[in-house]
Amino acid sequence: MKIETSVFTSNIFSPYSGQEINKHFVLATGSPFFVVEAMIFDRWGNQVYSIINSDVPEQGFRWNGHDSNGILLEQGVYVYQFQIKFEDGNTMQIFGDVTLIH
């Protein structure tokens with residue numbers, strides 16, 4: 001049985017935003033999920049951030065614009081690829097891009 005699930009992703013964010021809601025890239029669904037793998041790439045295809053097998057808080061996955069070493073990345077467009085797993089065992093691949101502004 002296939003279950004329809006809504007997915008929300010930010011398309012632009014700024015770590016220095018005055019509004020808490022705009023400080024992170026967010027991936028959220030209508031159901032609890034687990035990140036099997038998440039990768040974020042710069043415009044040249046270099047992987048700048050990744051996580052594997054990570055629990056996700058109730059408000060969804062959040063990325064603050066820093067690389068895997070904790071350094072704030074340059075302003076620009078970044079491409080993401082996620083594989084997530086729901087509590088019922090179903091998995092989903094999610095691809096897209098997000099703009100980071102300072």
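When only Cα pairs below 8 angstrom with a gap of at least 6 residues are kept, the chain shows a relative contact order of 29 percent. Segment ARG43..HIS66, full-extension length gain: 6.8 nm, with 0.36 nm per residue of separation and the alpha-carbon distance subtracted.
Considering all C-alpha pairs of segment 7-100, those separated by over 20 Å amount to 32%. Along the chain, the exposed loop sites are trypsin sites (Lys or Arg not before Pro) outside DSSP states H, G, I, E and B with at most 11 other Cβ atoms within 10 Å, and the longest stretch free of them is 44-102.
Rounded, prolate or oblate: which fits segment 4-55, taking a ≥ b ≥ c as square roots of the Cα gyration tensor eigenvalues, rounded meaning a/c under 1.5, else prolate when a/b beats b/c? Oblate shape, in that a/c is at least 1.5 and b/c is the bigger or equal ratio.
The numbers here are math on the coordinates, done by the rules we state, and not lab data. Just so it is clear, the model here is predicted, and its values are computed rather than measured. Cβ atoms come from the backbone with ideal geometry, glycine included; neighbour counts cover every protein chain shown.
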